[in-house]
Amino acid sequence: MISRIDLRGETLPEGSALRDLLPRAEFDVEAALEKVRPICEDVRHHGAAAVIDYGEKFDGVRVPGLRVPAGAITRALDELDPAVRAALEESIRRARLVHREQRRTTHTTQVVPGGTVTEKWIPVERVGLYVPGGRSVYPSSVVMNVVPAQEAGVEGVAIASPPQKEFGGLPHPTILAACALLGVDEVYAAGGAQAIAMFAYGTGSTADEPGCAPVNLVTGPGNIYVAAAKRLLKGRIGIDAEAGPTEIAILADSTADPVHVAADLISQAEHDPMAASVLVTDSDELAAATEAELKTQVAASKHVDDRIAPALAGRQSAIVLVRDLADGLKVVDAYGAEHLEIQTADAAAVADRVRNAGAIFVGPWAPVSLGDYCAGSNHVLPTGGCACHSSGLSVQSFLRGVHIVDYTRDALADVAHHVVTLAEAEDLPAHGAAVKARFGWKVPQSK
């Protein structure tokens, strides 16, 4: 059901050599580029008509218009199961608590008397937030994308989610209900690469409906074609990341409960057949007990044949055996998991030693599922090892730091000779001349 990788026999290699020994899904965004390039070009030149055509081709339903009517959004909330509504409201409340604390404030530094640099944080003007459809429904992704954008102060928020044939071409009603709870009324029935291109290029307006205006930034997870479209259009739009298949890594020792470990591995495997579930442990006993639990729990699970079983059996999933927790930490840092659970003795201290992870879940009572919905943290996280250089979605993702430089004549005069010297050292004399011109071509010497 799940393979083993035994790294106990020799000294662990460093860097990429260690990464190459670890399980990872094949995710060839470069190959997908050639498939999404004509789609994006078609949307660029033909706007909404092209997006609608591709929705019919890929999602099996032709929508009369891309913009979801306001009445459909209101109706989705009115008809939402009260228990689901309460859960979403609590998820939103907790996410706001955490993300509100992330907002940076303007700060001014006096470099010298009369010379200041102010760093001002300005939200992007308009964002496009992508919410996947496909195998599952993700109203939680609406929460995780919208809340940090709103807390950052973004004025224009648009959401795209694939049209669903069973709901008359609208996105799933639970997604629409989540939009309503968050006060987002600009929602488009568009999925895949064509939705990312719609955000990048806009669609233009018609007599029947206003079009989607281009955005500055696109965030949110999606399939390989969404990731490829993000890569292709990066530069025209900002992007959060090229999201790959979801991952969980669990660093555990003999104190871990194999029932919990197996359940958590399965919880990620049910996303997708390419999902990665990795256990790193120094305990043969835990490894064996977890394998036994996987057999029992998988047999009692939903989505076994199409998701869980192929995900656990795939090359991206494994139980990795290490000599001790020190080696285990090296392995999980090399892996750089999207989600990393620490189920060891003194878990908080072990977690504090981790360098590379999208989010870290400490101890037996903080499973990844909590972070997916109601921890208050964000579940849009770096995948594919990108946690070694990238962060998850946050308020900072929607802010731009702008430096405001304010110097008086005397403050410039005091440093002018250094500016001219450095300009001439770089063979950029016009840079120095721009300073000299302010002093009649004579740069005063420092006092």
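Tabulated data for the structure shown
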quantity: Any hit, region 100-114, residues being part of a helix (DSSP H, G or I) and either modelled with pLDDT of 95 or more or under 30 Å from ALA411 (Cβ atoms) (or both); calculated: yes
quantity: Any hit, region 84-93, residues being in a loop (DSSP other than H, G, I, E, B), in the same structural domain as ALA228 (by TED's automatic domain parsing) and at pLDDT 95 or above; calculated: no
quantity: Check on ARG37, of a type outside the set (Gly, Ala, Ser) and surrounded by 17 or more Cβ atoms within 10 Å (Cβ to Cβ); calculated: no
quantity: Elements of type strands (runs of 3 or more DSSP E) contained in region 115-230, each with 1 or more residues being over 26 Å from VAL29 (Cα atoms) and small (Gly, Ala, Ser); calculated: 115-123, 156-161
quantity: Every residue from region 204-246 that is polar (S, T, N, Q) and at pLDDT below 95; calculated: SER205, THR206, ASN223, THR246
quantity: Filter result for GLU186 (surrounded by fewer than 22 Cβ atoms within 10 Å (Cβ to Cβ), touching a residue at least 24 places away in the same chain (Cβ under 8 Å) and within 22 Å of the chain's Cα centre (by Cα)); calculated: yes
quantity: The one condition in (1) surrounded by fewer than 22 Cβ atoms within 10 Å (Cβ to Cβ); (2) under 24 Å from HIS271 (Cβ atoms) that PRO123 fails to fulfil; calculated: (2)
quantity: Test result for ARG67, touching a strand residue (DSSP E or B) at 6+ places or on another chain (Cβ under 9 Å), in contact (Cβ under 8 Å) with a residue 12 or more places away in the chain and basic (Lys, Arg); calculated: yes
quantity: One residue from ALA275, ALA288, ALA256 being without any contact (Cβ under 8 Å) to a residue 12 or more places away in the chain and in the same structural domain as PRO367 (by TED's automatic domain parsing); calculated: ALA288
quantity: The one condition in (1) in contact (Cβ under 8 Å) with a residue 24 or more places away in the chain; (2) closer than 13 Å to VAL143 by Cα that ILE122 fails to fulfil; calculated: (2)
quantity: Residue in region 376-383 that is surrounded by 21 or more Cβ atoms within 10 Å (Cβ to Cβ), more than 24 Å from GLU151 (Cα to Cα) and not assigned by TED's automatic domain parsing to the domain that holds VAL154 present; calculated: yes
quantity: Options LEU12, LEU21: the member that is of a type in the set (A, V, I, L, M), free of Cβ contacts under 8 Å to residues at least 60 places away in the same chain and in a loop (DSSP other than H, G, I, E, B); calculated: LEU21
quantity: Residue selected from region 215-252 under the condition among the charged types (D, E, K, R) and out of contact with any Asp or Glu (no Cβ under 9 Å at 6 or more places or on another chain), by the criterion farthest from ASP264 (Cα to Cα); calculated: ARG236
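The values are calculated or read from the model by the stated rules, or taken from the named source; none is laboratory data. Only a predicted model underlies this, so the values are computations on that prediction, with no experimental measurement involved. Ideal geometry is used to build each Cβ from the backbone, glycine not excepted, and the neighbour counts take in all protein chains shown.
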